[in-house]
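The values are calculated or read from the model by the stated rules, or taken from the named source; none is laboratory data. Note that this is a predicted model, so its numbers are computed, not measured. Neighbour counts are summed over all protein chains in view; Cβ atoms, including those assigned to glycine, are modelled from backbone coordinates with ideal geometry.
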Amino acid sequence: MPSAQYVAALTRDLQQEGASGRPAGRTIRSVFLGGGTPSLFTGDEVATIIEAVRANFTLDPDAEITLEANPGTTEYDNLANYRKAGINRLSLGAQSFDDEALKCLGRIHGKAEILAAYEDAVAAGFDNINLDLMFALPGQTIAAARDDIAAASALRPAHISWYQLTLEPNTVFFARPPDKLPDDDEAWDIQQAGQRQLADAGYEQYEISAYARDGHRCRHNLNYWSFGDYLAVGAGAHGKFTDSDGGVWRYQKPAHPRSYMEQVGRADDGARLLQASDLCFEFMLNALRLRGGFTEEGFCERTSLPFDAVRDVVVRARSMQLLTSPGNGRWRPTGRGLRFLNDLQALFLPAEEGAG
């Protein structure tokens, strides 16, 4: 698929989103070029996308503008052009510094490519870099996971995303799981050891899989986790917006690039209004990932619902030692709640879906 054709479709999509009324005069505070390999775009193509954002929205002068990059597809010239185009945060999908682990994961890069990409990014002027790392990889030991963290933290990136390998439906790994995957207890031991190591290296854990140095929390993802609004642009993109009456809507773009390009510009994107029970669950699905949790006021602001809509379940979660309250209307997961986060989130499922 010619990238120029896809960029033209993105530009039309941005124009439509700008005219849709969804932004409602609000300022765009973060832009995230992700989902796939945006680093296959040239610097000029990235510049065209960012210029289209500026042309159709009010973009905060201090906006965080992130581009995801595969270490196997980055080159210094492109990185320098991305920085010149306005990208000010780079997220490198390292996944591991172990060549055998990367080969098992089917990655096209190795440790040498990660180090070269990081060095090129710094030389290109990036000082806000995230490294993605996975743990609980096939056959991975605590020592191997610690080696990955040591290699990543030695580079002193502003941010490290360290998350457990999951077997997603409709993937090769899901259909044919690799051998020697750590079990739940082994994965928990790896996670605890890694969290201590990241803290010792100066990285504050502020979300279940996000660690920031010197306050470099990812603004874009914090908006997701605090149940903020965001626009969907691009193949497979999902969006959420709140209307003037406080109703919360979700919508998405066609997942296949060809279908997406054919349908850009159509008025009907299947937006659906979330019901109260869905709002409660979706808010908690996101907010409970944050170590700092949420406030009762924040719940009301983001959902337009009274806190009584979830109060009984919150009290139940506290009785199960999954939630705690430091006061002032704030609730946050306990250590137990973070370990059993899926169970904590499931308590807020609509009655007909939950465990009762």
Single condition C300 does not satisfy, out of (1) of a type outside the set (A, V, I, L, M); (2) assigned to a loop (DSSP other than H, G, I, E, B); (3) closer than 27 Å to G246 by Cα: (2)
Of (1) over 21 Å from the mean Cα position of the chain (by Cα); (2) in contact (Cβ under 8 Å) with a residue 40 or more places away in the chain, W331 satisfies all except one. Which? (2)
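Here's a check for you: in the range 168-209, which residue that is in a helix (DSSP H, G or I) and of a type in the set (V, I, T) is modelled with the highest pLDDT?
Per the criteria, the residue is I190.
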If we scan the range 41-53, do we find a residue that is among the polar types (S, T, N, Q) and within 20 Å of G72 (Cα to Cα)? yes
Helices (runs of 4 or more DSSP H) fully within the range 1-119 counting 3 or more residues that are within 24 Å of Q252 (Cβ to Cβ): 3-19, 43-56
Which pairs do you get when a residue that is surrounded by 13 or more Cβ atoms within 10 Å (Cβ to Cβ), found in the range 24-36, comes within reach of a residue that is among the charged types (D, E, K, R), reach meaning Cβ atoms under 6 angstrom, with the pair 6+ apart or on two chains? R29/D60; S30/E64; S30/R219; G34/E68
Can you tell me which residue among E282, E296 is surrounded by 17 or more Cβ atoms within 10 Å (Cβ to Cβ) and more than 16 Å from P333 (Cβ to Cβ)? E282
List the residue pairs whose Cβ atoms are under 9 Å apart, where the first residue sits in the range 42-63 and is at positive phi, the second is hydroxyl-bearing (S, T, Y) and in a helix (DSSP H, G or I), and the two are 6 or more positions apart or on different chains. none
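Restricting the range 122-150 to residues that are over 21 Å from the mean Cα position of the chain (by Cα) and farther than 21 Å from E186 by Cβ, which is surrounded by the fewest Cβ atoms within 10 Å (Cβ to Cβ)?
By that ranking, first place goes to A123.
Do we have A55 as among the hydrophobic types (A, V, I, L, M, F, W, C), in the same structural domain as A123 (by TED's automatic domain parsing), within 18 Å of V264 (Cβ to Cβ) and at pLDDT 95 or above here?
Yes; evaluated as a whole, the condition is true for this residue.
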So which residues in the range 226-275 are surrounded by fewer than 17 Cβ atoms within 10 Å (Cβ to Cβ), closer than 22 Å to L33 by Cα and among the basic types (K, R), if there are any at all? R250, R258
Being over 20 Å from Y206 (Cβ atoms) and touching a residue at least 24 places away in the same chain (Cβ under 8 Å) is the filter here; which residues of the range 297-308 pass it? T303, S304, L305
Every residue from the range 235-293 that is of a type in the set (K, R), in contact (Cβ under 8 Å) with a residue 24 or more places away in the chain and within 23 Å of C218 (Cβ to Cβ): R250, K253, R289, R291
